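J.: Please read through the structure below; I'll follow up with questions.
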Amino acid sequence: MKTMLCLLPLLLIPPATALAADDLATTVAALDRAVFDSFNHCQDPAQLEKHAGYFDPAVEFYHDTGGVTWTREAMLDNTRRYACGHYTRELVDGSLQVFPVKDFGAIAQGSHRFCDTASGKCEGLADFVMLWRLHDGQWSITRVLSYGHRAAHPSAAQP
């Protein structure tokens, strides 16, 4: 039952195999919002489980300062230990770009800032690439690159 609840958000996203470019960008933007809404609330075990449902079991996560994880479980362990309840993620407005990958899914590229949960200050900034796979009508993340971690400029640091 819990697994079905985790997959429910994925079923609400249009499952068309040949989405138009605008539809693809809208779909991936909705997926990005959903995956990071669950990330931002992952101190709740149900939200962490929901977050897990967006990732392929064999996801590869490349983080410039944290290293590489090769599975969803390893990635979630890092998320649980280092992110949940400590900081949240916000997409930088206007930064998300979506590119189709023929017969596979899409590449999402953009910038995001990280906000300290205790202070509310958004002082970290990084770039990302996520490879989304559409398989049997369901979207999942198979690869993540999170890189270029740096301090946000003061004008970009406020929520």
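J.: Being in a loop (DSSP other than H, G, I, E, B), without any contact (Cβ under 8 Å) to a residue 24 or more places away in the chain and at negative phi is the filter here; which residues of the range 67-104 pass it?
T.: Once the filter is applied, which keeps residues that are in a loop (DSSP other than H, G, I, E, B), without any contact (Cβ under 8 Å) to a residue 24 or more places away in the chain and at negative phi, the range 67-104 yields Trp70, Thr71, Asp93, Ser95, Lys102.
J.: Ok, one more. Pull up the range 80-110, narrow it to residues that are of a type in the set (Ser, Thr, Tyr) and more than 17 Å from Leu31 (Cβ to Cβ), then point me to the one that is least open to solvent (accessible area, probe 1.4 Å). Give the steps one after another, and end with the answer.
T.: First, pick out the residues of the range 80-110 that are of a type in the set (Ser, Thr, Tyr): 82, 87-88, 95.
When the remaining residues are screened for being more than 17 Å from Leu31 (Cβ to Cβ), the result is 82, 87-88.
Values: Tyr82: 136, Tyr87: 76, Thr88: 37 Å².
It comes out as Thr88.
J.: Take the range 46-67 and flag every residue that is over 13 Å from the mean Cα position of the chain (by Cα) and over 15 Å from Phe128 (Cβ atoms).
T.: Ala46, Gln47, Glu49, Pro57, Ala58, Gly67
J.: Quick check on the range 105-138: of everything there that is among the charged types (D, E, K, R) and outside any loop (DSSP other than H, G, I, E, B), which residue is farthest from Asp23 (Cα to Cα)? Explain how you work it out, then say what you get.
T.: Of the range 105-138, the ones among the charged types (D, E, K, R) are 113, 116, 121, 123, 127, 133, 136.
Next cut, outside any loop (DSSP other than H, G, I, E, B) only: 113, 116, 127, 133.
Numbers: Arg113: 26, Asp116: 33, Asp127: 23, Arg133: 15 Å.
In this case the residue turns out to be Asp116.
J.: Could I ask something else about it? I'm trying to understand the selection: among the residues of the range 23-53, which are outside any helix (DSSP H, G or I), in contact with a helix residue (DSSP H, G or I) (Cβ under 6 Å, 6 or more places away or on another chain) and over 18 Å from His112 (Cα atoms)? Before you say what the answer is, go through the steps one by one.
T.: Of all residues in the range 23-53, those outside any helix (DSSP H, G or I) come to 41-44, 53.
Filter again for in contact with a helix residue (DSSP H, G or I) (Cβ under 6 Å, 6 or more places away or on another chain), leaving 41-42, 53.
Gly53 - this is the single residue of the range 23-53 that is outside any helix (DSSP H, G or I), in contact with a helix residue (DSSP H, G or I) (Cβ under 6 Å, 6 or more places away or on another chain) and over 18 Å from His112 (Cα atoms).
J.: Got at least one residue in the range 125-145 being touching a Leu at 6+ places or on another chain (Cβ under 7 Å) and either open to solvent by 50 Å² or more (accessible area, probe 1.4 Å) or on the phi > 0 side of the Ramachandran plot (or both)?
T.: Yes - at least one qualifying residue is present in the range 125-145.
J.: Quick check on my filter: what residues within the range 41-79 are surrounded by 13 or more Cβ atoms within 10 Å (Cβ to Cβ) and among the hydrophobic types (A, V, I, L, M, F, W, C)?
T.: Cys42, Ala46, Leu48, Ala52, Phe55, Val59, Phe61, Ala74, Met75, Leu76 - these are the residues of the range 41-79 that are surrounded by 13 or more Cβ atoms within 10 Å (Cβ to Cβ) and among the hydrophobic types (A, V, I, L, M, F, W, C).
The values are calculated or read from the model by the stated rules, or taken from the named source; none is laboratory data. Just so you know, these numbers come straight off a predicted model, no measurement behind them. Methodologically, a virtual Cβ is constructed for each residue, glycine included, from the backbone with ideal geometry; neighbour enumeration extends over all protein chains shown. Note: areas computed on protein heavy atoms with side chains; ligands, DNA, RNA excluded. Shrake-Rupley method; radii C 1.70, N 1.55, O 1.52, S 1.80 Å.
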